[in-house]
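The values are calculated or read from the model by the stated rules, or taken from the named source; none is laboratory data. Values in this document were obtained by computation on a predicted structure and should not be read as measured data. Here the Cβ positions follow ideal geometry from the backbone for every residue, glycine too, while neighbour counts run over all protein chains shown.
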Amino acid sequence: MAAKADIRIDAGATYQMALTCLDTNGAALDLTGYAGAAQVRGQYADPSPAAVFAVTVDGPNGIVNLTLSAAQTTALAIAQGVWDCKVTGPSGVVTRVCEGKVTVSPEVTQ
């Protein structure tokens, strides 16, 4: 079951988030060899994402890093939406690790 996290993205600023994946004992999962993917959409059923995160996986430490550039957050054409992050293991098994709602705060300084 995916963890829940509602996020706030400031338009015009770089957005970064680190997700630490833990086992049932609270120890970091070994994500060596895993790949990640994460997207923002206005609604679950939207055919195209509003933004696609750059994702890196720090496998030995169980950390999934998500980044949106300032240009990407400026281009977000939604005020609210949804997001999630999935990892794919070396065997091809896909796991959703986190999901939630997104609020985009519009920028003033441009």
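A few comments on the model shown:
- Test result for Ala27, touching an Asp or Glu at 6+ places or on another chain (Cβ under 9 Å), small (Gly, Ala, Ser) and more than 17 Å from Val94 (Cβ to Cβ): no
- Within the range 1-30, residues that are among the hydroxyl-bearing types (Ser, Thr, Tyr) sit with their Cβ atoms under 8 Å from residues that are surrounded by 11 or more Cβ atoms within 10 Å (Cβ to Cβ) and part of a loop (DSSP other than H, G, I, E, B), at 6+ positions apart or across chains, in these pairs: Thr14/Ser69; Thr20/Gly62.
- Within this structure, Gly59 fails the test of being at positive phi and either in contact with a Leu (Cβ under 7 Å, 6 or more places away or on another chain) or not basic (Lys, Arg) (or both).
- So Tyr34, is it of a type in the set (Ser, Thr, Tyr), closer than 13 Å to Gly59 by Cα and surrounded by 15 or more Cβ atoms within 10 Å (Cβ to Cβ): yes
- Considering residues of the range 37-82 that are under 15 Å from the mean Cα position of the chain (by Cα) and of a type in the set (Ser, Thr, Tyr) only, the residue surrounded by the fewest Cβ atoms within 10 Å (Cβ to Cβ): Tyr44
- Val94 vs. criteria touching a strand residue (DSSP E or B) at 6+ places or on another chain (Cβ under 7 Å), without any contact (Cβ under 8 Å) to a residue 24 or more places away in the chain and exposed (fewer than 13 other Cβ atoms within 10 Å of the Cβ): yes
- Pairs with Cβ under 7 Å, 6+ apart, first in the range 47-65 and closer than 18 Å to Ile7 by Cα, second in a helix (DSSP H, G or I): Ala51/Gln72
- Subset tally (residues that are assigned to a strand (DSSP E or B), in contact with a Phe, Trp or Tyr (Cβ under 7 Å, 6 or more places away or on another chain) and over 30 Å from Pro106 (Cβ atoms)) for the range 57-94: 3
- Within the range 1-24, considering residues that are at pLDDT 95 or above and of a type in the set (S, T, N, Q), the one nearest to Phe53 (Cα to Cα): Gln16
- Residue count for the range 15-31, restricted to those that are surrounded by 13 or more Cβ atoms within 10 Å (Cβ to Cβ) and under 15 Å from the mean Cα position of the chain (by Cα): 5
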